[in-house]
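*Asks:* Sharing a structure, written as structure tokens. Questions coming.
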Amino acid sequence: LSVCPTYNTTHLEVQSPRGRVALIRAVEEQRLPQTSPGFKEHLYNCLDCRACETICPSGVKVGELVLAARAEIDHAEPQPWLERLLKRVVLQWVMVRPERVEWAMKPVRLYQRLGLQKLVRASGILSRLPGRFSVLGVMEGLLPSLPSRPLRDELAEVTPARQEQKYRVGFFLGCVMNVIYAEASRATVNVLIENNCEVVQPKKQRCCGAPHAEECDTATLRE
């Protein structure tokens, strides 16, 4: 419980790793219907950070159980067509190529650079969005200041160690880190080269597949 972010926010047993495993078992044993709104809500509130797995003495793979249960929910309850279309565009077209992720973030960068973000936040309009659209306000509130350009454009494919090379490290830049949290990845590379590492960052690396796994798009994940 101590490492679960949703439990520490809500202090509800069902929002803990143990609680989610109990819910999954209840559905498996047919003591709880899979279509129960609470079942879906509590499973999708999981961040899939896997922090619970790192300290579980029994080695329970809670994250894998949650993703498998989400896949079952997705098969049992087809999502609205607009939501399916949006996920298809994002997961099967945008996320599969880093240059497409970079292109998709350009309007967001302009949104910040032109001062529109300050106006929108000052107006409070995002907190008044109805229904499903309210999640946009939450997402916008989490948006940090974006870098002026993707880190992939700045990092060389091979960055030499600052002093005598002792190690050769492969660095996975990823999609979101490249366009949103570039400073964190740049700092990581700087720490590595300061500690006698040559850093290799393949330019053609693709998404790790975590967004596809979390949204039950197993076909694209395998590709």
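The values are calculated or read from the model by the stated rules, or taken from the named source; none is laboratory data. Because the structure is a prediction, the values reported are computed rather than measured. Because the Cβ atoms are built from the backbone with ideal geometry, glycine has one as well, and the counts that use them run over all protein chains shown. Surface accessibility is based on the protein's heavy atoms, side chains included, excluding ligands, DNA and RNA. Shrake-Rupley method; radii C 1.70, N 1.55, O 1.52, S 1.80 Å.
*Asks:* Taking the options Leu119, Leu126, Leu146, name whichever one is at pLDDT 90 or above, assigned to a helix (DSSP H, G or I) and farther than 30 Å from Ala71 by Cα.
*Replies:* Details: Leu126 fails: at pLDDT 90 or above; Leu146 fails: assigned to a helix (DSSP H, G or I).
None of the other options fit; the residue is Leu119.
*Asks:* Tell me, which helices (runs of 4 or more DSSP H) wholly within segment 39-100 include 2 or more residues that are farther than 28 Å from Ser2 by Cβ, at pLDDT below 90 and open to solvent by 80 Å² or more (accessible area, probe 1.4 Å)? Don't jump to the end; show me each part of the working.
*Replies:* Working: elements: 51-55, 62-76, 81-89.
Passing ranges, in order: 62-76, 81-89.
*Asks:* Identify, from the list Ser16, Ser36, the residue that is more than 22 Å from the chain's Cα centre (by Cα), open to solvent by less than 40 Å² (accessible area, probe 1.4 Å) and polar (S, T, N, Q).
*Replies:* Values: Ser16 fails: more than 22 Å from the chain's Cα centre (by Cα).
Answer to the selection: Ser36.
*Asks:* Cβ contacts < 9 Å: first residue over 18 Å from Ser148 (Cα atoms) and open to solvent by less than 80 Å² (accessible area, probe 1.4 Å), restricted to segment 113-125; second residue of a type outside the set (S, T, N, Q) and in a helix (DSSP H, G or I), any location; separation 6+ or different chain. Result?
*Replies:* From residues that are over 18 Å from Ser148 (Cα atoms) and open to solvent by less than 80 Å² (accessible area, probe 1.4 Å), the pairs are Val120/Tyr111; Val120/Leu126; Val120/Glu140.
*Asks:* Go through segment 25-47 and report how many residues are farther than 14 Å from Ala76 by Cβ and touching a residue at least 40 places away in the same chain (Cβ under 8 Å).
*Replies:* Qualifying residue count, segment 25-47: 2.
*Asks:* Just for segment 19-33: of the residues that are of a type outside the set (A, V, I, L, M, F, W, C) and over 16 Å from Ala71 (Cβ atoms), which one is surrounded by the most Cβ atoms within 10 Å (Cβ to Cβ)? Spell out how you get there, then give the answer.
*Replies:* Here is the first cut: in segment 19-33, the residues of a type outside the set (A, V, I, L, M, F, W, C) are 19-20, 25, 28-31, 33.
From what's left, over 16 Å from Ala71 (Cβ atoms): 19, 25, 29-31, 33.
Values: Gly19: 17, Arg25: 12, Glu29: 8, Gln30: 8, Arg31: 9, Pro33: 11.
So the residue we want is Gly19.
*Asks:* Answer yes if at least one residue in segment 132-153 is out of contact with any helix residue (DSSP H, G or I) (no Cβ under 7 Å at 6 or more places or on another chain), open to solvent by less than 30 Å² (accessible area, probe 1.4 Å), within 28 Å of Leu221 (Cβ to Cβ) and of a type in the set (A, V, I, L, M, F, W, C), and no otherwise.
*Replies:* Within segment 132-153 (the criterion being out of contact with any helix residue (DSSP H, G or I) (no Cβ under 7 Å at 6 or more places or on another chain), open to solvent by less than 30 Å² (accessible area, probe 1.4 Å), within 28 Å of Leu221 (Cβ to Cβ) and of a type in the set (A, V, I, L, M, F, W, C)), the answer is no, since none of the residues qualifies.
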